[in-house]
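Quick note: the coordinates plus some simple rules give every number you see, no bench work behind them. Just so you know, these numbers come straight off a predicted model, no measurement behind them. Cβ coordinates were reconstructed from backbone atoms using ideal geometry, including for glycine residues, and neighbour counts include every protein chain displayed.
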Amino acid sequence: GQQLNQSPQSMFIQEGEDVSMNCTSSSIFNTWLWYKQDPGEGPVLLIALYKAGELTSNGRLTAQFGITRKDSFLNISASIPSDVGIYFCAGSAGAGSYQLTFGKGTKLSVIP
Amino acid sequence: DGGITQSPKYLFRKEGQNVTLSCEQNLNHDAMYWYRQDPGQGLRLIYYSQIVNDFQKGDIAEGYSVSREKKESFPLTVTSAQKNPTAFYLCASSISGINQPQHFGDGTRLSIL
C-alpha cells in the first residue's frame with residue numbers, strides 16, 4: 001500500500017524559533033492535509049492543500065503542496081509553547097478513494 | 001455546536017468480551033471512519049462508510065465490526081477475536097466526495113483488564 005515518510009520524528013526547539021517538517025510519498029497524492037494532535041485528543045485539521053505548488057497559510061503556519069505531488073512541507077514561524085503536540089501529514093490519492101494515508105507524526109517540543 | 005462525539009473516553013475490556021465504542025456526528029456528513037492509533041504510529045484505518053447501510057473494510061478490519069443504520073451514528077465493536085485491542089480509537093467524518101478533509105472526535109482509549 002501507499003506509505004508516507006514524515007520527518008523529523010521528533011524535535012526540540014526554543015520558543016521563538018521557526019520549525020519545518022515534511023512528508024514524502026512513494027506515489028502521487030491529489031490532496032495533502034496537515035493535522036495537529038494534543039495528548040489524549042483527536043487530530044485537528046490545520047491546513048488542506050488541493051493543488052500542486054499550492055502554498056497556504058493559517059496564522060503562523062504555512063504548508064506547501066510539492067510540485068511533484070509526492071511531498072508536502074509544513075512550517076511554523078515564531079513557535080510558542082502551545083505549539084507543542086504531534087503533527088501529522090495525510091494524503092489522499094483521490095481517484096474514487098475516500099481513504100487517507102497518514103504519516104507517523106512529528107512530535108514537537110518547545111522549550112520556553 | 002457541530003462536531004463528533006465519541007464515548008466513552010476510557011473503556012476497559014475483559015478477556016473474551018466484546019465492547020462497543022460509540023461515535024455520533026451532527027455535521028450532516030455522509031462519510032464516517034474508524035481509525036486505530038498505537039504509540040508512535042500513524043493512524044490506521046479499520047472501517048469506513050460512505051453512506052447509510054454501507055461500509056467497507058480498511059487496512060486492519062480483522063477482529064472489528066461496524067454498523068451504519070443512521071447517518072449520524074457509526075458504532076465500532078471490538079470483538080474477542082481482536083487479540084491486541086489496547087489502543088486509542090478515533091472516529092472521523094467528512095462530506096461526501098473524494099479528497100475531502102476528515103474531522104475527528106476526541107477518541108476512546110481502550111485497555112484490557
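Here is how the numbers come out for the structure above:
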{"item": "For chain A: relative contact order, % (alpha-carbon pairs under 8 angstrom, 6 or more apart)", "result": "36 percent"}
{"item": "Per-residue mean of C-beta atoms belonging to partner chains within 10 Å, peptide B:42-53", "result": "3"}
{"item": "A:I28, B:I46 arranged by Cβ crowding within 10 Å, fewest neighbours leading", "result": "A:I28, B:I46"}
{"item": "Neighbourhood charge, 15 Å Cβ-Cβ cut-off, centred on B:S73 and excluding it, Lys, Arg +1 and Asp, Glu -1", "result": "-2"}
{"item": "Order of B:E15, B:E24, B:E62 - criterion: other Cβ atoms within 10 Å of each residue's Cβ, fewest first", "result": "B:E15, B:E62, B:E24"}
{"item": "Cα shape, the stretch A:9-58, gyration tensor, a/c 1.5 rule", "result": "prolate"}
{"item": "Counting all C-alpha pairs of chain A, share separated by more than 17 Å (%)", "result": "50 percent"}
{"item": "Built amide H within the under 5 Å cut-off of A:L46, gap 5+", "result": "A:W34, A:Y35, A:K36"}
{"item": "Alpha-carbon gyration tensor eigenvalues x 5, square-rooted, for chain B, Å", "result": "22, 14, 13"}
{"item": "Peptide A:36-45 - average C-beta neighbours from other chains (10 Å radius)", "result": "5"}
{"item": "Of all DSSP beta bridges in chain B, antiparallel share, percent nearest 5", "result": "90 percent"}
{"item": "Over 32 Å (Cα to Cα) - which of A:K104/B:K14; A:K36/A:K70; A:K70/B:K70; A:K70/B:K14; A:K70/B:K9 fall in this group", "result": "A:K70/B:K70; A:K70/B:K14; A:K70/B:K9"}
{"item": "Cβ-defined net charge surrounding A:T31, 12 Å radius [Lys, Arg +1; Asp, Glu -1]", "result": "+1"}
{"item": "Dmax and Rg, reported as Rg then Dmax, of the protein assembly as shown (C-alpha, Å)", "result": "17.5, 51"}
